[in-house]
Amino acid sequence: MNFAKMMNGLPLALALVFSAVSVHAQNVKIAYIDPLSGGGASVGEHGLKHLQFLVDAINAKGGVINGQKMEAVAYDNKGSPQESLVQVQKAIDAGVRFITQGNGSGAAIAISEFISKYNDRNPGKEVLYFNYSAVDPALTNEKCSYWHFRWDANSDIKMAALTDFMKSRKEIKKVYIIGQDYSFGQAVRVAAVAMLKQKRPDIQVVGDELHPLLKITDFAPYVAKIKASGADSVISGNWGNDISLLLKAAADSGLQANWYTYYAGGSGGPTAIKQTGLDHRVFQISEWHTNVPAPAMEAMTDAFLKKYGGEAAQGWWYMRMKNQMDMFVEALNKAKSSDPKKVAAVLSDMKFKNILGADTFMRPSDHSFFQDMYISSFGSGTKHDEEKTGWGWKTTTVIKGQDTVIPTSCKMNVPS
Amino acid sequence: MLELIIFSTLNGLLYGLLLFLLASGLTLIFSMMGVLNFAHASFYMLGAYFGFQISLYVGYWPGLILAPLLVGGIGALVERYGLRTVHKHGHVAELLFTFGLAFMIEELVQMVWGKVPVDYRVPDLLNFSAFTLFSTTYPAFRMFMLITSVVVFLGLLLLLTKTRVGLIIRAALTHPNMVGMLGHNVPLVFMMVFGVGCGLAALAGVIAGPALVTQPAMAASLGPILFVVVVVGGLGSLQGAFIAALLIGLVQTFAVAINVSVADILAPLGITLTRDSMGGDLWMATVAQVAPIIPYLLLVLVLIFRPKGLMGYRET
């Protein structure tokens with residue numbers, strides 16, 4: 001091809017490029033910034049499938065506002081706060097105005113602070129941050145931001161519910177607390193110690209351990225320590241590989257203890273629990289599990305399992321992301337605009353009946369979302385199972401959304 | 001307490017022996033060619049992934065033999081066509097070459113097997129607990145890892161001290177020119193040592209893959225600690241590497257079990273330190289929390305006080 005011919009083709013090529021850009025400009029883009037490599041990759045990838053599934057469903061139903069399509073874009077933050085900021089900037093540069101992240105409160109705090117500053121400096125180009133899962137209480141207290149919305153109950157709420165539940169279980173004598181060494185793990189440990197002391201002063205805390213975040217591949221030394229402490233119960237807020245490998249090591253060494261966890265049901269967790277043989281002795285606090293009766297949700301989880309379950313049959317896990325995206329769509333439609341500032345104004349005090357048919361609401365004073373919470377145990381005899389183990393989650397206690405409300409110290413800077 | 005000591009010892013020995021499998025090749029290569037092979041842990045990772053891939057078709061056991069052979073072959077080729085070519089330009093070029101290679105291998109692994117850990121399973125034959133002591137069970141696969149590592153160490157030791165090949169290798173370690181003058185093919189010896197070193201790393205990968213996690217980050221997380229083993233043990237010393245590897249394995253495992261902080265030690269002396277004292281969290285951090293740094297502390301101390309390492313012949 002000679003030069004002249006090449007130049008002849010150029011306008012066409014340019015036209016194609018620009019038309020592609022203008023088509024994309026109408027899409028409402030949401031950037032997914034979570035670990036897609038490293039120790040958090042298993043949960044990060046799984047979360048991305050959730051988002052992709054929801055976005056596909058939204059588009060299949062005709063999109064948002066007046067037929068605009070939604071588009072999910074993934075960025076790998078490698079689980080690190082610093083890398084998250086690089087990726088947020090990349091997303092913003094690519095024209096994204098809505099960001100979602102959930103795995104890791106360290107990254108969440110960094111992103112929230114970054115976006116607050118960015119929005120102060122760039123009025124008219126605001127960016128919103130949807131936090132579907134990072135639960136450090138600081139995010140909706142001293143470090144709260146108008147631009148940050150959280151769809152999961154914060155760590156203190158979860159620990160309050162878990163310790164209320166533990167209060168009535170007389171067999172608990174010695175508790176071991178193990179967590180990840182960063183803001184969230186520290187928050188869990190502080191809350192656990194304080195609440196147990198208040199509710200069950202007779203319980204002895206025999207271990208209070210923090211380990212490096214998502215770096216450990218062999219928890220055998222930690223399990224040996226738990227065993228030596230004589231603990232009958234373990235409390236852990238661990239997520240990702242840190243909970244599945246911890247449970248795996250416990251299974252290998254035959255540790256017989258009850259587990260009170262936040263995220264034992266995350267990918268790989270159910271398989272590991274089945275190996276431990278602890279039938280209905282691993283508890284989890286969450287906003288939902290597969291055996292919560294709700295036909296619409298069950299149909300959706302079945303569809304997800306078919307499409308994305310893969311060989312390991314890893315099913316739906318982030319109910320919080322479903323709530324988040326449903327409310328996002330409703331806010332977009334109500335605001336009749338994809339301007340983040342208008343969307344934020346609608347979301348800020350939204351009341352919402354979710355797919356489970358339950359009443360939920362966003363609290364305007366700190367942008368925390370309140371919903372029913374479930375304490376469930378993992379074991380045999382359930383309708384739906386997880387990861388082909390034959391075991392599933394069974395509800396032990398339900399805590400109503402309004403009963404989970406705790407005060408906030410947030411002094412929100414509401415933009416005029 | 002006794003239970004904790006016994007199981008920490010077992011876990012520490014196991015980790016130490018794994019480190020040794022990796023470090024043995026690295027220390028020989030390092031002392032013979034003067035090259036710090038940054039890609040050594042990458043061969044360990046390749047071993048795990050090859051083993052995984054082979055296990056999908058023909059099960060775990062063939063992988064135990066095939067993967068190290070394959071990776072050893074790749075290692076030999078890397079030496080023959082990569083390192084030897086770069087060698088002309090000096091040690092820095094060689095160092096950078098292995099550095100780049102490590103990144104390339106990691107990227108390749110991510111492209112082929114993805115960024116998420118692969119599901120490398122313990123073979124059914126060994127999927128039971130070997131013994132129960134004080135109600136703690138010990139998995140049979142871990143016993144197998146322990147035994148394999150010990151056998152390899154003994155085999156290597158015999159090879160190096162009792163055979164002609166070992167004699168030539170040991171001679172080439174210290175006097176490569178003299179060995180060349182005597183009519184031995186020194187480049188071939190280098191290539192074989194490099195290949196065997198990589199093969200041993202791969203073997204470690206195959207036996208560690210199912211028990212630990214087979215993921216793209218496994219090389220980067222183990223790499224730095226290998227250099228500690230090599231330096232602490234002393235260059236080119238197999239026995240040194242063995243002792244250093246066990247030492248580090250045990251120290252790291254036992255450190256996890258110790259919950260003492262600086263504040264606790266000073267408390268009986270009447271000095272109370274809290275999070276609010278100057279230095280803050282430094283005083284409250286327990287030995288368990290700083291466990292990952294302890295090997296590097298050891299590295300620094302050895303370099304200052306005994307640069308040739310525990311059993312080395314020459315200065316690092």
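Some notes on this structure:
- Extreme residue, positive dipole direction of the range A:36-179, given options A:Met159, A:Asn66, A:Asn103 (C-beta unit charges): A:Met159
- Every helix of 4 or more DSSP H residues in chain B counts as -39500 (n - 2.57), and over all residues that averages to -22500 deg cm²/dmol at 222 nm.
- Of the peptides A:123-134, B:232-243, the order by per-residue mean of other Cβ atoms within 10 Å, starting with the highest, comes out as B:232-243, A:123-134.
- In the range A:156-286, a dipole from Cβ-located charges (positive for Lys and Arg, negative for Asp and Glu) runs towards its positive end, and of A:Gly207, A:Gly230, A:Ile172 it is A:Ile172 whose Cα lies farthest in that direction.
- The protein assembly as shown: antiparallel DSSP beta bridges as a percent of all, rounded to 5: 40
- Using θ = phi - 60° in the Karplus curve 6.51 cos²θ - 1.76 cosθ + 1.60, the 3J(HN,Hα) couplings for the range A:30-39 round to 10, 8, 9, 10, 8, x, 10, 8, x, x Hz; x is entered for Gly and Pro.
- Size of charge dipole - the range A:156-286 - debye, nearest 20, with Cβ of Lys, Arg +1 and Asp, Glu -1, no other charges: 320
- Separation between Cα centres of the range B:175-233 and the range A:129-173, rounded to whole Å: 48
- Put a plus charge on the Cβ of each Lys and Arg, a minus charge on the Cβ of each Asp and Glu, and nothing anywhere else: the dipole of the range B:9-305 about its Cα centre is then about 740 debye.
- Its alpha carbons considered, the protein assembly as shown gives a radius of gyration followed by a Dmax of 28.1, 88 Å.
- Shielding by partners, peptide B:129-138 (average Cβ within 10 angstrom, other chains): 3
- Measuring how big the range B:9-305 is from its alpha-carbon positions, Rg and Dmax come out at 20.9, 71 Å.
- Chain A: relative contact order in percent, alpha carbon pairs under 8 Å with at least 6 residues between: 15
- Projecting the Cα atoms of A:Ser416, A:Phe370, A:Met321 onto the charge dipole of the range A:301-416 (Cβ charges, centred on the Cα centre) puts A:Ser416 farthest toward the positive pole.
- With contributions of -39500 (n - 2.57) from each DSSP H run of at least four residues, the per-residue ellipticity at 222 nm computed over chain A stands at -13500 deg cm²/dmol.
- Counting every C-alpha pair in the range A:70-208, the share spaced more than 23 angstrom apart comes to 43%.
- Between the Cα long axis of helix A:155-167 and the first principal axis of chain A there is an angle of about 20°, rounded to the nearest 10.
- A straight line joining the Cα centroids of the range A:49-104 and the range B:26-98 runs 39 Å.
- Taking other C-beta atoms within 10 angstrom as a stand-in for reagent exposure, A:Met319, B:Met1, A:Met166 fall in the order B:Met1, A:Met166, A:Met319, fewest first.
- Per residue, the Cα convex hull of the range A:156-286 amounts to 90 Å³.
- Sorting B:2-13, A:292-303 by average packing, meaning the other beta carbons within 10 Å per residue, from highest down gives B:2-13, A:292-303.
- The reciprocal of the average 1/r between distinct C-alpha atoms defines the Kirkwood hydrodynamic radius, which for the range A:238-301 equals 12.4 Å.
- Cross-link partners of A:Lys29 among lysines (Cα-Cα below 20 Å; sequence separation of 8 or more within a chain): A:Lys49, A:Lys61, A:Lys69, A:Lys90, A:Lys125, A:Lys322, A:Lys334, A:Lys336, A:Lys341, A:Lys342
- Low-density loop cleavage sites - chymotrypsin sites (Phe, Trp or Tyr not before Pro) in the range B:95-147, where at most 16 other Cβ are within 10 Å (DSSP): B:Phe128, B:Phe134
- Under-5 Å amide H pairs with A:Trp259, H placed in peptide plane, nonlocal only: A:Val234, A:Val282, A:Phe283
- Sites B:Val262 and B:Met111, calculated FRET efficiency, Cβ-Cβ separation with R0 35 Å, nearest 0.05: 0.15
- Peptide A:210-220 - average C-beta neighbours from other chains (10 Å radius): 5
- Cβ-Cβ FRET estimate between B:Phe99 and B:Ala171, R0 fixed at 25 Å, reported to 0.05: 0.25
- Under the span-like rule (Cα at least 24 Å along the axis, Kyte-Doolittle mean at least 0.0), DSSP H helices of chain B: B:2-33, B:40-58, B:60-77, B:91-113, B:140-162, B:186-208, B:238-257
- For the residues of B:288-297, the average number of beta carbons from a partner chain within 10 Å of their own beta carbon is 2.
- Residues A:Glu330, B:Glu94, A:Glu142, sorted so that the one with the fewest Cβ neighbours within 10 Å comes first: A:Glu142, A:Glu330, B:Glu94
- Exceeding the 23 Å Cα-Cα cut-off - candidates A:Lys117/A:Lys215; A:Lys158/A:Lys197; A:Lys117/A:Lys411; A:Lys170/A:Lys394: A:Lys117/A:Lys215
- Taking the Cα centre of the range B:90-233 as origin and assigning +1 to Lys and Arg Cβ atoms and -1 to Asp and Glu Cβ atoms, the resulting dipole is close to 420 debye.
We did not get these values from a lab; they are worked out from the coordinates using the rules stated. Given the structure is predicted, the values throughout are model-derived calculations rather than measurements. Cβ coordinates were reconstructed from backbone atoms using ideal geometry, including for glycine residues, and neighbour counts include every protein chain displayed.
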